Every structure is written in structure tokens, then in C-alpha cells.
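Quick note: the coordinates plus some simple rules give every number you see, no bench work behind them. The structure presented is a predicted model; accordingly, all values stated were derived computationally and were not measured. Here the Cβ positions follow ideal geometry from the backbone for every residue, glycine too, while neighbour counts run over all protein chains shown.
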Amino acid sequence: MREKELERKLVKAVKSVGGIAPKFTSPGFDGMPDRLLLFPAGKLAFVEIKRKGKKPRPLQLVRHELLRRLGFQVFVLDAEVQIGEILNAVQAT
């Protein structure tokens with residue numbers, strides 16, 4: 001499945017449970033994840049979307065670790081079956 005198609009499915013799933021998943025861009029701070037997941041009650045996470053089997057680039061891994069050290073959840077999504085797991089994990093916090 002292409003990244004764009006997987007991304008659309010993620011956005012639709014987040015919307016279906018009352019959240020939003022805006023595209024995240026950070027000019028001058030490369031390597032940040034692709035999407036923010038924003039849910040009611042102030043719950044949020046970051047999602048990096050990759051093609052099946054692809055891994056984040058080294059700079060992306062550095063940014064993911066920085067965000068995790070700051071207390072945020074960061075997920076790498078490369079398969080549709082992960083979407084429900086990610087939504088459950090974010091909503092459970």
C-alpha cells in the first residue's frame with residue numbers, strides 16, 4: 001500500500017473516533033513525523049508514515065527519540081492493521 005493511501009486511512013480512522021490528524025510540517029526542523037493525532041481530552045501523538053517494510057531515516061529516528069524524551073508518543077505506521085492499535089494506545093493514555 002502506498003504511503004498516501006495509508007495516510008488517508010489513518011486520517012479517516014482518527015476522524016471516526018472524534019479526533020483530527022493534521023499534516024505536520026516544521027520548517028527548519030527536518031525529520032519530524034508526518035502527522036499529529038489530536039484527540040478529545042488533550043491526547044496527542046505523532047505518526048511517521050512509511051511504505052511497508054521501510055524504516056525511518058536516521059534524522060527521523062533522532063527526532064522521534066527527542067519527542068519521546070519530551071514525553072510524547074511517536075509511532076511508525078507501515079501497515080493498515082496498525083491503525084487501530086495506534087488509536088487504542090493514544091486514547092488509553
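Of the residues making up the stretch 65-90, just one is surrounded by fewer than 12 Cβ atoms within 10 Å (Cβ to Cβ) and in contact (Cβ under 8 Å) with a residue 60 or more places away in the chain, namely G84.
Among K50, K55, K43, which is the only one that is surrounded by 11 or more Cβ atoms within 10 Å (Cβ to Cβ) and over 22 Å from A79 (Cβ atoms)? Working first, answer last.
Details: K50 fails: over 22 Å from A79 (Cβ atoms); K55 fails: over 22 Å from A79 (Cβ atoms).
Within the list K50, K55, K43, the selection yields K43.
Count of the stretch 10-53 residues, restricted to those that are in contact (Cβ under 8 Å) with a residue 40 or more places away in the chain and either in contact with an Asp or Glu (Cβ under 6 Å, 6 or more places away or on another chain) or of a type in the set (A, V, I, L, M, F, W, C) (or both), is 13.
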